[in-house]
Amino acid sequence: MSPHTNPKLAAIDDALTELHPILEEFGQAHGFILHRSHEGSYNVPRRWLRREAAPVIHEIGLIIASEMLERLERGFYPEMPCTLYLAAFDRKAQRHFNASVFEAQPFCSLQDSLWCYLADAVAKLDACTSDYILHYGVYGHAV
């Protein structure tokens with residue numbers, strides 16, 4: 001059951017819960033912990049996998065690509081666009097790098113394709129060393 005009080009956001013959150021088995025299994029296999037947005041958090045509802053690999057923090061996030069107003073008006077629908085991003089933050093350098101893995105993919109396609117996209121994201125994150133982030137990242141904390 002969703003922690004969101006708005007019924008439209010709760011419906012989207014409940015749909016994202018259907019992807020938990022994939023996210024949890026993949027996360028455990030690669031050292032990530034699954035996180036879930038809560039009432040009042042940014043860009044709700046969303047899910048993200050986070051790995052605290054010293055000195056770099058890795059994150060893979062699944063967000064709803066439609067505007068918040070549309071989410072509040074329509075709630076969940078199978079073709080709802082989703083975006084998967086990756087982010088890496090170097091604590092010492094205080095720099096981050098982020099990139100999209102996919103944008104505006106329909107939710108209904110993710111049961112069959114999410115694992116492959118997650119594998120692509122983790123391969124890219126594994127290449128995000130401190131040197132890579134220093135060269136290609138930007139200053140500030142994004143994850």
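The values are calculated or read from the model by the stated rules, or taken from the named source; none is laboratory data. Keep in mind the model is a prediction, meaning the values are calculated, not measured. Reconstructed Cβ throughout: ideal geometry from the backbone, glycine too, with neighbour counts over all protein chains shown.
Could you tell me whether the stretch 1-21 includes any residue that is small (Gly, Ala, Ser) and surrounded by fewer than 17 Cβ atoms within 10 Å (Cβ to Cβ)? No, every residue in the stretch 1-21 fails to be small (Gly, Ala, Ser) and surrounded by fewer than 17 Cβ atoms within 10 Å (Cβ to Cβ).
For the stretch 1-46, the set of residues classified as under 19 Å from GLU70 (Cβ atoms), of a type in the set (Lys, Arg) and either under 17 Å from the mean Cα position of the chain (by Cα) or modelled with pLDDT of 95 or more (or both) consists of ARG46 only. Hey, any hits in the stretch 30-46 for a residue that's part of a strand (DSSP E or B) and among the hydroxyl-bearing types (Ser, Thr, Tyr)? Checked against the condition, which is being part of a strand (DSSP E or B) and among the hydroxyl-bearing types (Ser, Thr, Tyr), the stretch 30-46 yields no hits at all. Scanning the stretch 62-71 for residues that are of a type in the set (A, V, I, L, M) and exposed (fewer than 13 other Cβ atoms within 10 Å of the Cβ), we see that the one that is nearest to SER109 (Cα to Cα) is MET68.
Which condition number does ILE57 fail, the rest of (1) under 12 Å from the mean Cα position of the chain (by Cα); (2) under 17 Å from LYS124 (Cα atoms); (3) aliphatic (A, V, I, L, M) being met? Tallying (1) under 12 Å from the mean Cα position of the chain (by Cα); (2) under 17 Å from LYS124 (Cα atoms); (3) aliphatic (A, V, I, L, M), ILE57 fails exactly one: (1).
The set of residues in the stretch 87-109 being closer than 19 Å to ALA53 by Cβ and in contact with a Cys (Cβ under 8 Å, 6 or more places away or on another chain) consists of ALA88, PHE97. Taken over the stretch 72-111, residues that are in contact (Cβ under 8 Å) with a residue 60 or more places away in the chain and either surrounded by 20 or more Cβ atoms within 10 Å (Cβ to Cβ) or not charged (D, E, K, R) (or both) amount to 7.
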